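The numbers here are math on the coordinates, done by the rules we state, and not lab data. No experiment lies behind these values; they were computed from the predicted model shown. Cβ coordinates were reconstructed from backbone atoms using ideal geometry, including for glycine residues, and neighbour counts include every protein chain displayed.
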Amino acid sequence: VQPVTEAQLRSCFINCSKGEAKRMAVPRDLGQQPWEDLDFLGWSDPAGSGRAWLAWPAGTGTAIAPTGGKAGLIGVAFRHEPNASTKTQLCSLCLTAHSRGGVSLMAAAKAGDSGRRGNTIGTYLCTDLACSLYLRDKKKPALGLIVPESLTIEQKVTRLVNNLATFVDRLQD
Ligand SMILES: [Zn+2]
């Protein structure tokens with residue numbers, strides 16, 4: 001993806017208030033992200049509040065946009081509890097298998113009025129939201145278990161972006 005600025009990040013969220021977006025902890029090393037290897041930027045609150053965020057340039061690069069929403073940079077805010085499960089779990093976006101804590105059930109408020117009334121959608125995601133790096137073997141899950149797949153990296157990226165587009169669509173339903 002193209003590098004994004006703090007100002008772009010703070011104004012792209014579809015499911016949190018402007019105040020929350022203003023208080024959000026943006027990555028300190030925003031200038032040094034491995035942009036070329038990212039399909040979206042994901043990060044969590046270094047203070048350990050259980051908040052996490054992702055920003056995805058819908059409709060650019062891989063040319064997939066959510067059907068219901070806007071194209072352009074789309075931000076999604078999540079909250080999650082610490083995950084004490086000892087089971088191996090799969091991220092629903094990139095399908096990487098992780099051991100304890102590597103995947104978390106993340107809750108995202110729905111966009112608009114529905115979210116303000118408290119409706120959320122839960123999904124299992126890599127806790128560090130580094131899906132793009134796992135797909136490209138730039139980061140290895142702690143489990144060390146790679147589920148063999150016959151897909152190319154491009155096919156995996158397409159699947160990841162499709163999964164993300166579907167999720168963003170559901171948030172905006
Ligand atoms: Zn993932």
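Using θ = phi - 60° and the Karplus form 6.51 cos²θ - 1.76 cosθ + 1.60, what ³J(HN,Hα) does each residue of the range 37-46 get, whole Hz, x for Gly and Pro?
Here the 3J(HN,Hα) series is 9, 9, 8, 8, 9, x, 7, 10, 5, x Hz.
Could you work out how much longer the chain between Arg23 and Ser150 gets when fully extended? Use 0.36 nm per residue separation minus the Cα distance between them, nm to one decimal.
So the extension gain works out to 41.5 nm.
Just Asn162, Asn15, Asn83 to compare: in a GNM of the chain, with alpha carbon springs under 10 Å, which one fluctuates most?
Most flexible of the set in this elastic network: Asn83.
At 0.36 nm per residue, minus the direct Cα-Cα distance, what do Lys87 and Arg117 gain on full extension? Give it in nm, one decimal, please.
Computed gain between Lys87 and Arg117 is 7.5 nm.
Quick one: net charge around Gln32, please, counting Lys, Arg +1 and Asp, Glu -1 for every other residue with C-beta under 15 Å from its C-beta.
-2
For the pair Leu30/Lys138, report the inter-label distance in nm, with labels modelled 7 Å from Cα in the Cβ direction.
The modelled label-to-label distance comes out at 1.9 nm.
Non-local amide H neighbours of Leu93 (under 5 Å, H modeled in plane, Pro and chain starts lacking H): which ones?
Sorted by chain and number, the residues that satisfy this are Cys126.
Percent of alpha carbon pairs in the chain separated by more than 25 Å?
Tail fraction, whole percent: 28.
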